[in-house]
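Chemist: Please read through the structure below; I'll follow up with questions.
The values are calculated or read from the model by the stated rules, or taken from the named source; none is laboratory data. The model shown is predicted, which means the values in this text are computed figures rather than measured ones. All Cβ positions, glycine included, derive from the backbone under ideal geometry; neighbour counts span all protein chains shown.
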């Protein structure tokens, strides 16, 4: 059946404080894509951008260029898109149920890809039409500067570059200011804004919490597989060597020339620099740097007093990147003895003997073989974050997405497999769909997300009561066919797996979140 569509010369048009924007209405959702919220010269602060007349905002705008494109994802449980890229990438997208002045909750999506790649439109699961339609909320997604364009610390070369190290954050803060000033015209409540992001997007939520310029512009946060170690979130040390290296490789005689050199030359120099300097401890412009603007990752800088009582919902998937190992075996066909033999081959007998009983206690409903695909990197840092933050407040909640994907006899939930459930877009990804399961799971996760976005409390009729975590007591909701809340369920397992493999996993992640350079 055809759905209602509307696009006329004079509607739907919204008057923002920067100019008028022209979108469209489809299936009772008003959509405005590619609205520019700022413009910026390379390495410089974002600036207000205005226009005359009516700006067409009916399709996605430019994404930030990447130094080296990540490998194409051929999985059938995601919906990947390719984008056009430009340094003029400061734009946002809005989906809303109405342009009626109603003050609906606003959720602002920060995309993944570490701080180096990705965009608001690369994953077709991460669009806001169903958040608007099914959640009666306004969804905003944001593009901003990344990699060397967003995090190149040239502060040693003059005051005009004093925050070049954190321009990616500055873009996001500028977008939040734009939302604060304009979202009411799109049916949203500027006093009820929830940031949410997955992977690198979750890292961005933790970063914005540590940025005073964002205070008052958001009120809650959802961090999905996005808490990482300090070494993966922040740069340390001067960027002087980086600036000198980039000038030498691009043939620039003065630092100002880096702002004008071709992007191809700059990116070629950045790629070479990373290979030669990154693992020697140099600042290579891939993540934020602590300074007057950004207060640093809370793992070493502590949580800021101003944001300690902002409600957070922090979670991971059961398998994350380790889940790819479950593609290599068919657990529904394996005997217990075969599973044990496989675990011993993977871990060695001594470690297997230690971990097997701990795993059975932590995940009694899972077959033994799943210990191989259990995540311990994201989980390790997420739980540490929750413990530290819940010592300060009573509004920190935690989840684990624990539902297997219905392919190859059932594979552990991968990094990002929760996205379609939060966005209510599982129908777009064949590999997420299982009759009788997916609909209920989507209802469970989405209603929990929407409850949190409305009130800061995720409790609703689809889950058992979830209390906020407290000192010595981490309460975790398991999103799965039969949801369950457990307390301190995996401390021993987390410690054992992390002791054995954390360094190896961190090395993998350093490459992954850097855009897979080198």
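Chemist: Among the residues of region 479-497 satisfying the criterion of being in contact (Cβ under 8 Å) with a residue 24 or more places away in the chain and either assigned to a loop (DSSP other than H, G, I, E, B) or assigned by TED's automatic domain parsing to the domain that holds residue 102 (or both), which is surrounded by the fewest Cβ atoms within 10 Å (Cβ to Cβ)?
Modeler: Among those that are in contact (Cβ under 8 Å) with a residue 24 or more places away in the chain and either assigned to a loop (DSSP other than H, G, I, E, B) or assigned by TED's automatic domain parsing to the domain that holds residue 102 (or both), it is 481.
Chemist: Now, a different point. Only one of these conditions is not met by residue 292: (1) surrounded by 14 or more Cβ atoms within 10 Å (Cβ to Cβ); (2) touching a residue at least 60 places away in the same chain (Cβ under 8 Å); (3) assigned to a loop (DSSP other than H, G, I, E, B). Which number is it?
Modeler: Failing condition for residue 292: (1).
Chemist: Please count how many residues of region 398-421 are under 14 Å from the mean Cα position of the chain (by Cα) and on the phi > 0 side of the Ramachandran plot.
Modeler: Filtering region 398-421 down to residues under 14 Å from the mean Cα position of the chain (by Cα) leaves 415-420.
Next, from what is left, pick out any that are on the phi > 0 side of the Ramachandran plot: 416.
The total comes to 1.
Chemist: For region 246-266, which residues satisfy the criterion of being surrounded by fewer than 19 Cβ atoms within 10 Å (Cβ to Cβ) and either in contact with a strand residue (DSSP E or B) (Cβ under 7 Å, 6 or more places away or on another chain) or under 15 Å from residue 68 (Cα atoms) (or both)?
Modeler: Scanning region 246-266 gives 263, 264, 265.
One line per residue, one yes/no per condition, for (1) assigned by TED's automatic domain parsing to the domain that holds residue 303; (2) surrounded by fewer than 24 Cβ atoms within 10 Å (Cβ to Cβ); (3) not in a loop (DSSP other than H, G, I, E, B):
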| residue | (1), (2), (3) |
| --- | --- |
| 171 | yes, no, yes |
| 191 | yes, yes, yes |
| 195 | yes, no, yes |
| 201 | yes, no, yes |
| 207 | yes, no, yes |
| 216 | yes, yes, no |
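Chemist: So is residue 21 closer than 13 Å to residue 99 by Cβ and out of contact with any helix residue (DSSP H, G or I) (no Cβ under 6 Å at 6 or more places or on another chain) or not? Walk me through it before giving the result.
Modeler: Details: closer than 13 Å to residue 99 by Cβ: yes; out of contact with any helix residue (DSSP H, G or I) (no Cβ under 6 Å at 6 or more places or on another chain): yes.
Yes: the conditions hold for residue 21.
Chemist: Pick out the one residue from 425, 476, 448 that is touching a helix residue (DSSP H, G or I) at 6+ places or on another chain (Cβ under 6 Å), modelled with pLDDT of 95 or more, outside the structural domain of residue 137 (by TED's automatic domain parsing) and buried (at least 16 other Cβ atoms within 10 Å of the Cβ).
Modeler: Details: 476 fails: touching a helix residue (DSSP H, G or I) at 6+ places or on another chain (Cβ under 6 Å); 448 fails: touching a helix residue (DSSP H, G or I) at 6+ places or on another chain (Cβ under 6 Å).
Testing whether each residue is touching a helix residue (DSSP H, G or I) at 6+ places or on another chain (Cβ under 6 Å), modelled with pLDDT of 95 or more, outside the structural domain of residue 137 (by TED's automatic domain parsing) and buried (at least 16 other Cβ atoms within 10 Å of the Cβ) leaves just 425.
Chemist: Given the residues 226, 237, which is the only one that is assigned to a loop (DSSP other than H, G, I, E, B) and surrounded by fewer than 18 Cβ atoms within 10 Å (Cβ to Cβ)?
Modeler: Details: 226 fails: surrounded by fewer than 18 Cβ atoms within 10 Å (Cβ to Cβ).
Result: 237 is the single residue among 226, 237 that is assigned to a loop (DSSP other than H, G, I, E, B) and surrounded by fewer than 18 Cβ atoms within 10 Å (Cβ to Cβ).
Let's see how each residue does on (1) surrounded by 14 or more Cβ atoms within 10 Å (Cβ to Cβ); (2) free of Cβ contacts under 8 Å to residues at least 12 places away in the same chain; (3) under 21 Å from residue 184 (Cβ atoms):
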position: 3; (1), (2), (3): no, no, no
position: 28; (1), (2), (3): no, no, yes
position: 48; (1), (2), (3): no, no, yes
position: 55; (1), (2), (3): yes, no, yes
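Chemist: Also: How many residues does region 136-146 contain that are in contact with a helix residue (DSSP H, G or I) (Cβ under 7 Å, 6 or more places away or on another chain) and over 22 Å from residue 178 (Cβ atoms)? Reasoning before the result, please.
Modeler: Here is the first cut: in region 136-146, the ones in contact with a helix residue (DSSP H, G or I) (Cβ under 7 Å, 6 or more places away or on another chain) are 137-140, 142, 144-146.
After this cut, where a residue has to be over 22 Å from residue 178 (Cβ atoms) as well, the list is none.
The total comes to 0.
Chemist: Would you confirm, using the coordinates I've provided, whether residue 396 is touching a helix residue (DSSP H, G or I) at 6+ places or on another chain (Cβ under 9 Å), over 22 Å from residue 494 (Cβ atoms) and outside the structural domain of residue 111 (by TED's automatic domain parsing)?
Modeler: On the way: touching a helix residue (DSSP H, G or I) at 6+ places or on another chain (Cβ under 9 Å): yes; over 22 Å from residue 494 (Cβ atoms): no; outside the structural domain of residue 111 (by TED's automatic domain parsing): yes.
So residue 396 does not fit the description; no.
Chemist: Looking at region 81-98, is at least one residue assigned by TED's automatic domain parsing to the domain that holds residue 142, surrounded by 18 or more Cβ atoms within 10 Å (Cβ to Cβ), touching a helix residue (DSSP H, G or I) at 6+ places or on another chain (Cβ under 8 Å) and at pLDDT below 95?
Modeler: No, because not a single residue in region 81-98 is assigned by TED's automatic domain parsing to the domain that holds residue 142, surrounded by 18 or more Cβ atoms within 10 Å (Cβ to Cβ), touching a helix residue (DSSP H, G or I) at 6+ places or on another chain (Cβ under 8 Å) and at pLDDT below 95.
Chemist: Sticking with this structure for a sec: Checking the condition in contact with a strand residue (DSSP E or B) (Cβ under 9 Å, 6 or more places away or on another chain) and at pLDDT below 95, which residue from 457, 490 passes?
Modeler: 490
Chemist: Checking the structure you have, find out if any residue of region 7-18 is closer than 18 Å to residue 143 by Cβ and touching a strand residue (DSSP E or B) at 6+ places or on another chain (Cβ under 6 Å).
Modeler: First, pick out the residues of region 7-18 that are closer than 18 Å to residue 143 by Cβ: 16, 18.
In the following step, the residues that additionally are touching a strand residue (DSSP E or B) at 6+ places or on another chain (Cβ under 6 Å) were identified as none.
Taking every residue of region 7-18 in turn, none turns out to be closer than 18 Å to residue 143 by Cβ and touching a strand residue (DSSP E or B) at 6+ places or on another chain (Cβ under 6 Å).
Chemist: Another question about this same structure. Say whether the condition of being outside any loop (DSSP other than H, G, I, E, B) and either surrounded by 24 or more Cβ atoms within 10 Å (Cβ to Cβ) or not assigned by TED's automatic domain parsing to the domain that holds residue 429 (or both) is met by at least one residue in region 111-122. Before the answer, list the steps.
Modeler: Narrowing region 111-122 to residues outside any loop (DSSP other than H, G, I, E, B): none.
Checking region 111-122: not a single residue is outside any loop (DSSP other than H, G, I, E, B) and either surrounded by 24 or more Cβ atoms within 10 Å (Cβ to Cβ) or not assigned by TED's automatic domain parsing to the domain that holds residue 429 (or both).
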